[in-house]
Protein chains: 2
Amino acid sequence: MNDEELDLIFKALGDATRRRILDLLQERSERSLFEICASFVAADGKSLSRQTISQHLDMLERAGLITTSWKGRTKTHSLNVAPMQMATNQWLKKYL
Amino acid sequence: MNDEELDLIFKALGDATRRRILDLLQERSERSLFEICASFVAADGKSLSRQTISQHLDMLERAGLITTSWKGRTKTHSLNVAPMQMATNQWLKKYL
DNA sequence: TTGACATGCAGGCATTTTACTGCATTTCAT
DNA sequence: ATGAAATGCAGTAAAATGCCTGCATGTCAA
């Protein structure tokens, strides 16, 4: 876990939309991009464009916080908590 | 602890320079801007300008991660771990 | 009181981030 | 085989970030 990885993880967590996506995936993983968009609309009507959500998902994936796999023409996104746990154990822990 | 505060905290942590400043202040608090600059040079020779460090300190202060007080013509910076603890307890904890 | 010390403020510039629109590609179902 | 469904890719624009330089302000010490 080097500085660049910690940067990616904390930057990914530094946006309310991305934190909400993680919260969604913790409730239930294996969600498609469309399902995630729909959940945003359902929750508060304030919808972001599909491409915007997709970019957030890319950033979460680059940080290792989600994993993806293709099922036919849909790509499913799942939560991966390992980076948060590593960032906590290897850096944040000393402040807690 | 609302979304904006969590944004500020995680964004502040998403930069290696700022994490290093926090690490420095945990070793010993009540450091001036000049002391912090000097510690950076001493550690690896790779120095950032005084104003750049000052901007990082501003961001850390906006996130509540450091507190400041004036002693004559020097401003001392001290660590405040409360925001990290709150962010952990109120959001991050569920993933650990 | 004057000069050096510590910091603040303003502005510039390149890069990144966040949002969008429009078009292309792949895959499934009819 | 054709159309709809799910996603990807490219490009744009505004805002934020990270770095810098130069000048101004306030404070202590000789």
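The values are calculated or read from the model by the stated rules, or taken from the named source; none is laboratory data. This one's a predicted model, so the numbers in the text were calculated from it and none came from an experiment. Positions of Cβ are backbone-derived with ideal geometry, glycine not excepted, and every protein chain shown enters the neighbour counts. Please note that ligands, DNA and RNA were not included when accessible areas were found on the heavy atoms of the full protein model with its side chains. Shrake-Rupley method; radii C 1.70, N 1.55, O 1.52, S 1.80 Å.
Checking the structure you have, find out if any residue of region B:70-81 is of a type in the set (Val, Ile, Thr) and part of a loop (DSSP other than H, G, I, E, B).
First pass over region B:70-81, keeping only residues of a type in the set (Val, Ile, Thr): B:74, B:76, B:81.
So of that shortlist, the ones also part of a loop (DSSP other than H, G, I, E, B) come out as B:81.
Among the residues of region B:70-81, at least one is of a type in the set (Val, Ile, Thr) and part of a loop (DSSP other than H, G, I, E, B), which makes the answer yes.
Show the residue pairs meeting these rules: Cβ distance below 6 Å; 6+ apart or different chains; first residue within region B:1-27 and more than 9 Å from chain A (Cβ to nearest Cβ); second residue not in a helix (DSSP H, G or I).
Short answer, once both residue conditions are applied: B:LEU25/B:LEU79.
Taking the condition within 13 Å of chain A (Cβ to nearest Cβ), surrounded by fewer than 19 Cβ atoms within 10 Å (Cβ to Cβ) and under 21 Å from A:LEU13 (Cα atoms), does B:ALA82 pass? Explain how you work it out, then say what you get.
Numbers: within 13 Å of chain A (Cβ to nearest Cβ): yes; surrounded by fewer than 19 Cβ atoms within 10 Å (Cβ to Cβ): yes; under 21 Å from A:LEU13 (Cα atoms): yes.
In short, yes.
Would you point out which residue out of A:ILE66, A:ILE21, A:ILE36 is near DNA strand D (Cβ under 10 Å from one of its atoms), surrounded by 17 or more Cβ atoms within 10 Å (Cβ to Cβ) and of a type in the set (Val, Ile, Thr)? Can you show your working first?
Working: A:ILE66 fails: near DNA strand D (Cβ under 10 Å from one of its atoms); A:ILE21 fails: near DNA strand D (Cβ under 10 Å from one of its atoms).
Answer to the check: A:ILE36.
Please go through (1) under 9 Å from the mean Cα position of the chain (by Cα); (2) within 14 Å of chain A (Cβ to nearest Cβ); (3) without any contact (Cβ under 8 Å) to a residue 12 or more places away in the chain for B:LEU65 and return the number of the only condition it doesn't satisfy.
Among (1) under 9 Å from the mean Cα position of the chain (by Cα); (2) within 14 Å of chain A (Cβ to nearest Cβ); (3) without any contact (Cβ under 8 Å) to a residue 12 or more places away in the chain, the lone unmet condition for B:LEU65 is (3).
Restricting attention to region A:39-53, which residues are open to solvent by 40 Å² or more (accessible area, probe 1.4 Å) and in a helix (DSSP H, G or I)? Spell out how you get there, then give the answer.
Residues of region A:39-53 open to solvent by 40 Å² or more (accessible area, probe 1.4 Å): A:41-52.
Within region A:39-53, A:VAL41, A:ALA42, A:ALA43, A:ASP44, A:ARG50, A:GLN51, A:THR52 qualify.
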